[in-house]
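Participant: Dropping a structure here in C-alpha cells format, bear with me for questions.
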Amino acid sequence: ETGVTQTPRHLVMGMTNKKSLKCEQHLGHNAMYWYKQSAKKPLELMFVYSLEERVENNSVPSRFSPECPNSSHLFLHLHTLQPEDSALYLCASSLNAGGLEQYFGPGTRLTVT
Amino acid sequence: QKEVEQNSGPLSVPEGAIASLNCTYSDRGSQSFFWYRQYSGKSPELIMSIYSNGDKEDGRFTAQLNKASQYVSLLIRDSQPSDSATYLCAVSYTNSGYALNFGKGTSLLVTP
C-alpha cells in the first residue's frame, strides 16, 4: 500500500461513453501525475499537476481531460476513446514536482470496445 | 530524444545468486535515478533512488551510478523467486521539467 488509491480498478467502456478515473493520495504530496502504460512500451507521462496547477501536458489527445480540484485528488475524464487507448492508467504522486521519488497507485485497467 | 535503455530480458538467475540489472541513459544532464519493481498485473513500486556517483545499499539491493559512463545498475543479492518481476529504470533529466523518463524494463526470473 503506497498511500495512493485509484478507482475503478477495471473499466470497460464503449467508444461513445464518458467515464472518469479517480486518484487520491494520502501522503501529503504536492504533485500528482497521470501515466499510461501500454504493452511493450515504456510508461508515458500524460499530465503533471503541482499544487493543483497543471504544469505539463505531453501532447495528449483532447479526449483525455484531467482535473485536479485539490492536492489530494486527481481525475482523468474520458470521452470518445479509441480502442488503442486501452491500457493501464497509473496515477502517481511526489512530494514536489520534478525529479523526486514518485509513488504509484494500483492503476486502472481500461478496455475500450 | 532522451532515452533510457534496458535489456528486455528475460534475465534468468538461480535462487541465491546475484542478479545484475543495467540501464543506460542518453543525457549527461541527468540528475535523479530510480529503480522500480513491477509484478505482472501490478503497478510499479519504488525500490531504490540514487542521486550521486557510487553505490547505495538497502538490504539486498544495491544501486550503482556512474555518470561519466551514463549507466545505472541494480544488484540484487541472494535472489529469491519472489524477486521475479520486471524492473524499470527511471531517469529525471535536467531540462525535462517534471518528467521521469522510463525504460521499457528488464524481466527477471529467479529459478528455485
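The values are calculated or read from the model by the stated rules, or taken from the named source; none is laboratory data. None of these values were measured; they are calculated from a predicted model. Cβ: placed from backbone, ideal geometry, glycine included. Neighbour counts: every protein chain shown. Surface accessibility is based on the protein's heavy atoms, side chains included, excluding ligands, DNA and RNA. Shrake-Rupley method; radii C 1.70, N 1.55, O 1.52, S 1.80 Å.
Participant: Work out from phi, with θ = phi - 60° and the Karplus expression 6.51 cos²θ - 1.76 cosθ + 1.60, the ³J(HN,Hα) of each residue of the range A:53-66, listed in order in whole Hz, and give x for Gly and Pro.
Facilitator: My calculation for the range A:53-66 gives 9, 6, 10, 8, 9, 8, 6, 8, x, 5, 6, 10, 10, x Hz in order.
Participant: Quick one: compute a quarter of the convex hull surface over the Cα atoms of chain A and quote it in nm².
Facilitator: Convex hull of Cα atoms, orientation-averaged projection: 6.5 nm².
Participant: Let me ask you something else. With a 1.4 Å probe and all protein chains left in place, how much accessible area per residue does the protein assembly as shown have, in Å²? Could you put the intermediate results ahead of the total?
Facilitator: Values: 10410 Å² over 225 residues.
Heavy-atom accessible area per residue stands at 46 Å².
Participant: For B:ILE47, B:ILE18, give me the order by solvent-accessible area with a 1.4 Å probe, most accessible first, ignoring ligands, DNA and RNA.
Facilitator: Numbers: B:ILE47 25, B:ILE18 105 Å².
Most to least solvent-accessible, the answer reads B:ILE18, B:ILE47.
Participant: Also, I was wondering about something else. For the range B:41-48, what does the Karplus curve 6.51 cos²θ - 1.76 cosθ + 1.60, with θ = phi - 60°, yield as ³J(HN,Hα) per residue in whole Hz, taken in order and with x for Gly and Pro?
Facilitator: Here the 3J(HN,Hα) series is x, 10, 8, x, 10, 5, 10, 8 Hz.
Participant: Hey, in the protein assembly as shown, which Cys have no second cysteine's beta-carbon closer than 4.7 Å?
Facilitator: Cys with no partner Cβ under 4.7 Å: A:CYS68.
Participant: Something else about it: Rounded to two decimals, what is the ratio between the C-alpha radius of gyration of chain B and 2.2 N^0.38 Å? Can you show the working numbers first?
Facilitator: Numbers: Rg = 13.5 Å, N = 112, 2.2 N^0.38 = 13.2 Å.
Normalised Rg, Cα atoms only: 1.02.
Participant: Could you check what % of the DSSP bridge pairs in the protein assembly as shown are antiparallel, to the nearest 5? Numbers along the way, then the final one.
Facilitator: Details: 75 of 83 bridges.
Looking only at bridges with both residues in the protein assembly as shown, the antiparallel portion is about 90 percent.
Participant: Quick check for me: using +1 on Lys/Arg Cβ and -1 on Asp/Glu Cβ, what's the dipole size of chain B about its Cα centre, in debye to the nearest 20? Present the calculation step by step, with values, prior to reporting the outcome.
Facilitator: Details: 9 positive and 10 negative charges, 44 e Å.
Dipole magnitude for chain B comes out near 200 debye.
Participant: Pick out, in residue order, every one of the GluC sites (Glu not before Pro) in the range B:11-65 that is DSSP loop and has at most 14 other C-beta atoms within 10 Å; say none if there are none. All intermediate terms of the calculation are to be shown ahead of the outcome.
Facilitator: On the way: sites: B:GLU15, B:GLU45, B:GLU57; in loops: B:GLU15.
For GluC sites (Glu not before Pro) across the range B:11-65 that sit outside H, G, I, E and B with at most 14 neighbouring Cβ atoms in 10 Å, the list reads B:GLU15.
Participant: Report, by chain and number, residues whose modeled amide H sits under 5 Å from the one on A:THR111, excluding near sequence neighbours (fewer than 5 apart, same chain).
Facilitator: Amide H to amide H, under 5 Å and 5 or more residues apart or across chains, A:THR111 pairs with A:LEU11, A:VAL12, A:MET13.
Participant: List the pairs from A:LYS36/B:LYS67; A:LYS19/A:LYS41; B:LYS56/B:LYS104; A:LYS22/B:LYS42 whose alpha-carbon separation is above 26 Å, in the order I gave them. Mind dumping the intermediate values first?
Facilitator: Details: A:LYS36/B:LYS67 29 Å; A:LYS19/A:LYS41 24 Å; B:LYS56/B:LYS104 23 Å; A:LYS22/B:LYS42 17 Å.
Violating the 26 Å Cα-Cα cut-off are A:LYS36/B:LYS67.
Participant: Moving on to the next point. Roughly how much accessible area, to the nearest 100 Å², goes out of reach of solvent when B and A pair up, both sides summed, probe 1.4 Å?
Facilitator: Details: alone 6050 and 5990 Å², together 10410 Å².
Heavy-atom accessible area buried at this interface is about 1600 Å².
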